[in-house]
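The values are calculated or read from the model by the stated rules, or taken from the named source; none is laboratory data. From a predicted model like this one, the values you see are computed outputs, not experimental measurements. Note that each Cβ is placed from the backbone with ideal geometry, even for glycine, and that neighbours are counted across all protein chains shown.
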Amino acid sequence: MSQDIINKLTVLLPRANNWEDSFFSQSTLPIADDKVLDFIHKLSQTILQNSAFRQYPELMAMGFWMRKAHILKILEDYLDKPKNGVRLARGIVFHIAPSNVDSIFIYSWFLSMLVGNINVIRLSSKGGEQIDLLMETLNDLFKLPEFSAIASRQIIISYGHDDQVTSYLSRNCDVRVIWGGDNTIQKIRQIAIPPTTTELPFTDKFSLSLIDASKYLSLDDSGKNKLIHSFINDAYWFGQMACSSPRLIIWKGEKEKIIEAKESFWKLVYNALSKELADISTADIVNKLVASQSLVIESQISLPESKNNLINRVQLNTLENINTDLHCGAGLFYEYSINELEELIPLISRKIQTVGYFGISNELLEQFVYKHMPQGIDRFVPIGNALDFSPIWDGYNLLSEFTRIVYSNK
Amino acid sequence: MCSMNPENIDNYLSSPPYDLTQEEKEHILLNFLGDLTRKHGLSCPEYGKILNALNKKDLLYEAITDIPFIPVRLFKKYKLASIPGNQIVKTLTSSGTTSQKVSKIYLDRDTARYQTKALVAIMKNYLGDKRLPMLIVDHPNVIKDRASFSARGAGILGLMNFGRDVTYLLNEDMEINFETLELFLEKYPDEPIFIFGFTFMVWQYLFKPLQQKGLTIDIPQGILVHSGGWKKLQDEAVDNNTFKKELKTRTGIKSIHNFYGMVEQVGSIYMECEEGHLHTPIFSDIVIRDPYDWSVLPNGVSGVIQVLSMLPHSYPGHSLLTEDLGTIIGIDDCKCGRKGKYFSVLGRIPRAEIRGCSDTHASEVSA
């Protein structure tokens, strides 16, 4: 690599290391190598036992996800042993992390590490407290001699928008993973990758919650409160700006039931939500006001009065061409009522990612997509699990995408 | 609808701007603002949709705090006008950095006149009835292109009406024209001189060069009026008190008045009095709102500033939520003797961590 490029980037991890060209000529590691399993296990323990992490529920959730038993289960559930051949890591994976606070790229990095790849991660310049804390912890583990083979195969760098650096890293990777908005992805796609390199684009998506009104009303108080708690977690973590954060609530059922269910539901959300939990700034609130009044100007909606600005609701009267760009998160909820699942069809573009459901069986939801074959919807998860990462993301099985199979015929 | 009669409005705009108590003023202003809300609801389709969505179209408003507000940023996103295109006599635009969208404000003949009248009434209260010799802290080209009124140009043009022998203090290279200044001061050695400039321009191009060169000038009879927002000065940790103190040391100007205003509500500005407080005239008012639920906050508590003005008849800008924070200091009892609310502006709403929203840029406050 030319000095020119080296000067443009900062190595965040491993600390004190400079970039060396030999990084790219290392061999990959075996799939689910014991050392890698130990490393992830050790990191999980550190996160769960270190009190500094307690204040970051997202990182705690990540620590749980990294537990050894869970990692082994992921391997068993999502990575089959090929009948005819041998599975190997693809090689060098170049991850371009999203510029917002979303730490989801860490999961895809770890899955790539788990199957033996060499990883280059590009962070946008500002990492934030959570990322800093994680880097600190990773750095301590990377210094241990037993993990040197792993440490030498991971590098986290940061550089400003610079096509020369991106181009260099793109030329040298076997898989390019891009997290970002449509514009970011289009811009990076202008930069060539080798003919044999594959690309995983994770673009901005839009997610919703789907609630059966009668089933909700039939819950007892503790059942209702449990659901409300789950919904608040889905909606308010990451300031409602993660791709999987629900921004639209679909109520299914008879009109009268829906009216009753909505009233009860939002009252309980109001009661359960505190300023601390919602974590919304004045700027967020003004953005929500601009977004909701802009929606009024651009489409047919109504704005029910809100008791406070932790929750702002917008009643849509059609699901066609709903404006998802105006949505700025921070507790803004579009709402719409349906009688039958079929009424969702106009909504389901490729942009629709997660459907968090309550009161509707996932068999029914599976039948729905099987029958109508919509362009979008990447996942159905019970309300409360919207932000859980799964090795199947946006329609890709990441463990498959990060490996290749050497076919061998007997 | 009788309050909307232009004759009524013109008469009211000729009244002394600070003589009514808050109670008396609110009573009158409520009529004007209620009528404006209904009028814009009928004449501006976008605004009508917002009133409908809020379920506030045909309400009677019992207090000025009942008048619905729209965020000032909407003027950057949409063309909001309550008049047909052939009645537009002037279009005002906000200043704004290159990456930002600008507000567009459409004026008809009446609204333009109301703005001038309100401004005259307010300025006279500070400058007296006579036109004063005037210095502008800017260069003459700033108003050359009259077809497109930049906020700076429009502000200068608006205030030029209060001066005579209008003289620009800066040349085109933004340097102080000492020769011109000397001649000007020789001509008017004793009478009051009206000086106008944008806050940042005054600091950057008048104060700083003097400070850097270790020079002082002497205009003790000067009355400086300035506006445009403190954002750039805040970055240099310069607040209003520092500004006044430093400027006085370098220029001898003792009478310095900031004003708070914006392109979306030109005319009914909030001038700083001798006590350092911003005052609401009888043509406009402010309400401080709690971002938590938009409830009205008591005096002394800071919140988001809502501005109400009776002047905008050609566009729905009579009740706006700004992106500024402020506090009401008191009502009817400022030591300067002016009645009504007086307040301070604490600055822009701090930008939260940008979480990926595409439209989080705020507008610049400008005159």
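For segment A:20-37, state whether one or more residues are of a type in the set (S, T, N, Q), closer than 27 Å to A:SER170 by Cβ, assigned to a strand (DSSP E or B) and over 22 Å from the mean Cα position of the chain (by Cα). Checked against the condition, which is being of a type in the set (S, T, N, Q), closer than 27 Å to A:SER170 by Cβ, assigned to a strand (DSSP E or B) and over 22 Å from the mean Cα position of the chain (by Cα), segment A:20-37 yields no hits at all. When residues of segment B:263-300 are filtered for being within 14 Å of chain A (Cβ to nearest Cβ) and closer than 23 Å to B:CYS336 by Cβ, how many remain? Final tally of qualifying residues: 1.
If A:ASP204 satisfies all but one of (1) surrounded by 18 or more Cβ atoms within 10 Å (Cβ to Cβ); (2) among the acidic types (Asp, Glu); (3) touching a strand residue (DSSP E or B) at 6+ places or on another chain (Cβ under 7 Å), what's the number of the condition it fails? Going through (1) surrounded by 18 or more Cβ atoms within 10 Å (Cβ to Cβ); (2) among the acidic types (Asp, Glu); (3) touching a strand residue (DSSP E or B) at 6+ places or on another chain (Cβ under 7 Å) one by one, A:ASP204 breaks only (3). Quick check: anything in segment A:120-129 within 26 Å of A:ASN397 (Cβ to Cβ), among the polar types (S, T, N, Q) and touching a strand residue (DSSP E or B) at 6+ places or on another chain (Cβ under 7 Å)? There is no residue in segment A:120-129 that is within 26 Å of A:ASN397 (Cβ to Cβ), among the polar types (S, T, N, Q) and touching a strand residue (DSSP E or B) at 6+ places or on another chain (Cβ under 7 Å). Restricting segment B:1-15 to residues that are touching a Lys or Arg at 6+ places or on another chain (Cβ under 9 Å) and part of a loop (DSSP other than H, G, I, E, B), the residue that is modelled with the highest pLDDT is B:SER14. Inside segment A:277-293, residues that are more than 7 Å from chain B (Cβ to nearest Cβ) and outside any helix (DSSP H, G or I) make up a count of 2.
Mind listing whichever residues of segment B:75-87 are more than 18 Å from the chain's Cα centre (by Cα) and either within 14 Å of chain A (Cβ to nearest Cβ) or crowded, with 17+ Cβ neighbours inside 10 Å (or both)? Once the filter is applied, which keeps residues that are more than 18 Å from the chain's Cα centre (by Cα) and either within 14 Å of chain A (Cβ to nearest Cβ) or crowded, with 17+ Cβ neighbours inside 10 Å (or both), segment B:75-87 yields B:LYS77, B:TYR78, B:LYS79, B:LEU80, B:ALA81, B:SER82, B:ILE83. Kindly indicate whether any position in segment B:259-268 is within 18 Å of B:HIS139 (Cβ to Cβ) and either loosely packed, with under 15 Cβ neighbours inside 10 Å or modelled with pLDDT of 95 or more (or both). Scanning segment B:259-268, I find no residue that is within 18 Å of B:HIS139 (Cβ to Cβ) and either loosely packed, with under 15 Cβ neighbours inside 10 Å or modelled with pLDDT of 95 or more (or both), so the answer is no.
Within segment B:14-52, restricting attention to residues that are among the hydrophobic types (A, V, I, L, M, F, W, C), within 14 Å of chain A (Cβ to nearest Cβ) and touching a helix residue (DSSP H, G or I) at 6+ places or on another chain (Cβ under 7 Å), the residue that is surrounded by the fewest Cβ atoms within 10 Å (Cβ to Cβ) is B:LEU51. Applying the criterion of being of a type outside the set (Val, Ile, Thr) and within 12 Å of another protein chain (Cβ to nearest Cβ) to the residues of segment A:320-330, the residue that is nearest to the chain's Cα centre (by Cα) is A:GLY329.
Conditions tested, residue by residue: (1) within 14 Å of another protein chain (Cβ to nearest Cβ); (2) at positive phi; (3) within 23 Å of the chain's Cα centre (by Cα); (4) surrounded by 14 or more Cβ atoms within 10 Å (Cβ to Cβ).
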residue: A:LEU43; (1), (2), (3), (4): no, no, yes, yes
residue: A:LEU48; (1), (2), (3), (4): no, no, yes, yes
residue: A:GLU58; (1), (2), (3), (4): yes, no, yes, yes
residue: A:LEU75; (1), (2), (3), (4): no, no, yes, yes
residue: A:ASN84; (1), (2), (3), (4): no, no, no, no
residue: A:LEU133; (1), (2), (3), (4): no, no, yes, yes
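Residue by residue, here is whether (1) modelled with pLDDT under 95; (2) touching a Gly at 6+ places or on another chain (Cβ under 8 Å); (3) among the acidic types (Asp, Glu) holds:
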{"residue": "A:ILE118", "(1), (2), (3)": "no, yes, no"}
{"residue": "A:SER125", "(1), (2), (3)": "yes, yes, no"}
{"residue": "A:LEU134", "(1), (2), (3)": "yes, no, no"}
{"residue": "A:TYR159", "(1), (2), (3)": "yes, no, no"}
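Would you check if A:LEU268 is outside the structural domain of A:ALA89 (by TED's automatic domain parsing) and buried (at least 16 other Cβ atoms within 10 Å of the Cβ)? Taking the combined requirement at face value, the residue satisfies it. Out of A:SER218, A:SER207, one residue alone is without any contact (Cβ under 8 Å) to a residue 40 or more places away in the chain and not charged (D, E, K, R). It is A:SER218.
The conditions of being among the hydroxyl-bearing types (Ser, Thr, Tyr), over 21 Å from B:GLU23 (Cα atoms) and either part of a strand (DSSP E or B) or touching a residue at least 24 places away in the same chain (Cβ under 8 Å) (or both) are met by B:THR322.
So that you can scan it fast, the table gives a plain yes or no per residue for (1) within 22 Å of A:SER214 (Cβ to Cβ); (2) more than 9 Å from chain B (Cβ to nearest Cβ):
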residue: A:GLU263; (1), (2): yes, yes
residue: A:LYS275; (1), (2): no, no
residue: A:LEU295; (1), (2): no, no
residue: A:SER306; (1), (2): no, no
residue: A:ARG313; (1), (2): yes, yes
residue: A:GLU343; (1), (2): yes, yes
residue: A:THR354; (1), (2): no, yes
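Among the residues of segment B:116-131, is any of a type in the set (A, V, I, L, M, F, W, C), more than 20 Å from B:HIS257 (Cα to Cα) and surrounded by 15 or more Cβ atoms within 10 Å (Cβ to Cβ)? No; the residues of segment B:116-131 include none that is of a type in the set (A, V, I, L, M, F, W, C), more than 20 Å from B:HIS257 (Cα to Cα) and surrounded by 15 or more Cβ atoms within 10 Å (Cβ to Cβ).
Kindly establish whether A:ARG87 is touching a residue at least 60 places away in the same chain (Cβ under 8 Å) and not hydroxyl-bearing (Ser, Thr, Tyr). Judged against the criteria, A:ARG87 is a match.
For segment A:217-241, the candidate set comprises residues that are closer than 21 Å to A:TYR336 by Cβ and in contact with a Leu (Cβ under 8 Å, 6 or more places away or on another chain); within that set, the residue that is farthest from the other protein chains (Cβ to nearest Cβ) is A:LEU227. Among the residues making up segment A:307-358, a single one is touching an Asp or Glu at 6+ places or on another chain (Cβ under 8 Å), over 19 Å from A:ILE383 (Cβ atoms) and of a type in the set (Gly, Ala, Ser): A:ALA330.
The residue pairs whose first member lies in segment A:226-242 and is free of Cβ contacts under 8 Å to residues at least 24 places away in the same chain, whose second member is among the aliphatic types (A, V, I, L, M) and not in a helix (DSSP H, G or I), and whose beta carbons are closer than 9 Å, counting only pairs six or more residues apart or on different chains, are A:LYS226/A:LEU219. Which of the residues spanning segment B:220-242 are out of contact with any strand residue (DSSP E or B) (no Cβ under 6 Å at 6 or more places or on another chain), of a type outside the set (S, T, N, Q) and within 28 Å of B:ASN125 (Cα to Cα)? Hits for segment B:220-242 are B:PRO220, B:GLY229, B:TRP230, B:LYS231, B:LEU233, B:VAL238, B:ASP239. For A:PRO201, are the conditions met, namely being farther than 27 Å from A:SER245 by Cβ and not β-branched (Val, Ile, Thr)? Taking the combined requirement at face value, the residue does not satisfy it.
Of B:PHE196, B:PHE207, all but one fail to be buried (at least 18 other Cβ atoms within 10 Å of the Cβ), of a type in the set (A, V, I, L, M, F, W, C) and over 21 Å from the mean Cα position of the chain (by Cα); the exception is B:PHE207.
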